[in-house]
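Structure first, then comments.
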Amino acid sequence: MLTGQLSYQIADKKLKVDPDTGSPINNGIPNAWFGGLSLQYSIRYLSSQVKDYGLSTFVNRLTPVVEMSWSSPASKPNQSATTFLWGVGVAYTANSYAFTVEALIPGNRNTGSHIGVIAQFHLYFDDLLPNSLGKPIVNWF
């Protein structure tokens, strides 16, 4: 699956810069563009809809993920530069939870020089508690 996002941020307070020193006078922000792409492929989909390669249950629940995000100032003055960030990771999806881990890799010097890591853990309450949270709210009473 390929997904994408493009947005434009309109500043609520314009950044003011001292013309002599170039340093900011207030805490305003510039207008900015943001965007990103995400490419994912579910091994479970491969096994059930394309071809079953006889992979283990653990491998069948994996989804490799590659993401790219960027931001760029769209007005002057600004105190920032265009940044790119890559995310490479894998998601494991079970029946009642999902766990994802990604390496965050700077795409240019403005983004930084060190690799980071991010992880997420999701609980599916409708599967864990099917007689309460798994029902519409109107059926709770």
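The values are calculated or read from the model by the stated rules, or taken from the named source; none is laboratory data. Nothing here was measured: the structure is a model prediction, and the numbers come from that model. We place every Cβ from the backbone using ideal geometry, glycine too, and count neighbours over all the protein chains shown.
For S80, all conditions in the list (1) free of Cβ contacts under 8 Å to residues at least 40 places away in the same chain; (2) under 21 Å from H114 (Cβ atoms) hold save one; what is the number of the exception?
Unmet condition: (1).
Find all pairs meeting these conditions: Cβ atoms under 6 angstrom apart; at least six residues apart or on different chains; first residue within the stretch 29-43 and assigned to a strand (DSSP E or B); second residue among the aliphatic types (A, V, I, L, M) and buried (at least 16 other Cβ atoms within 10 Å of the Cβ).
Close Cβ pairs satisfying both conditions: L37/M68; Q40/V65.
Of all residues in the stretch 38-70, how many are polar (S, T, N, Q) and out of contact with any Leu (no Cβ under 9 Å at 6 or more places or on another chain)?
Of the stretch 38-70, the ones polar (S, T, N, Q) are 38, 40, 42, 47-49, 56-57, 60, 63, 69.
Restricting the remaining residues to those that are out of contact with any Leu (no Cβ under 9 Å at 6 or more places or on another chain) gives 48-49, 56-57, 63.
Result for the stretch 38-70: 5.
Examine the stretch 103-123 for a residue that is in contact with a His (Cβ under 8 Å, 6 or more places away or on another chain), closer than 27 Å to M1 by Cα and part of a strand (DSSP E or B), and state whether such a residue exists.
Kept after step one, since they are in contact with a His (Cβ under 8 Å, 6 or more places away or on another chain), are these residues of the stretch 103-123: 106.
Subset that is closer than 27 Å to M1 by Cα: 106.
Then drop every residue that is not part of a strand (DSSP E or B), which leaves 106.
Yes, the stretch 103-123 contains at least one residue that is in contact with a His (Cβ under 8 Å, 6 or more places away or on another chain), closer than 27 Å to M1 by Cα and part of a strand (DSSP E or B).
Looking only at the stretch 102-141, which residues are exposed (fewer than 11 other Cβ atoms within 10 Å of the Cβ), in contact with a strand residue (DSSP E or B) (Cβ under 9 Å, 6 or more places away or on another chain) and β-branched (V, I, T)?
V117
Given S96, S71, which one is more than 30 Å from Y8 (Cα to Cα) and of a type in the set (S, T, Y)?
Details: S71 fails: more than 30 Å from Y8 (Cα to Cα).
Of S96, S71, the one residue that is more than 30 Å from Y8 (Cα to Cα) and of a type in the set (S, T, Y) is S96.
I'd like the residue in the stretch 29-71 that is basic (K, R) and surrounded by 13 or more Cβ atoms within 10 Å (Cβ to Cβ) and, out of all such residues, is nearest to A103 (Cα to Cα).
For the stretch 29-71, the residue satisfying everything is R61.
Go through D52, D18 for me and flag whichever is at pLDDT 90 or above and more than 19 Å from T111 (Cα to Cα).
Matching residue, one of D52, D18: D52.
Working only within the stretch 78-101, note down all residues that are outside any strand (DSSP E or B) and either of a type in the set (S, T, N, Q) or surrounded by 16 or more Cβ atoms within 10 Å (Cβ to Cβ) (or both).
N78, Q79, S80, T82, N95, S96 - these are the residues of the stretch 78-101 that are outside any strand (DSSP E or B) and either of a type in the set (S, T, N, Q) or surrounded by 16 or more Cβ atoms within 10 Å (Cβ to Cβ) (or both).
Does at least one position in the stretch 97-106 carry a residue that is within 18 Å of the chain's Cα centre (by Cα), more than 25 Å from T57 (Cβ to Cβ) and not aliphatic (A, V, I, L, M)?
Yes, that holds for at least one residue.
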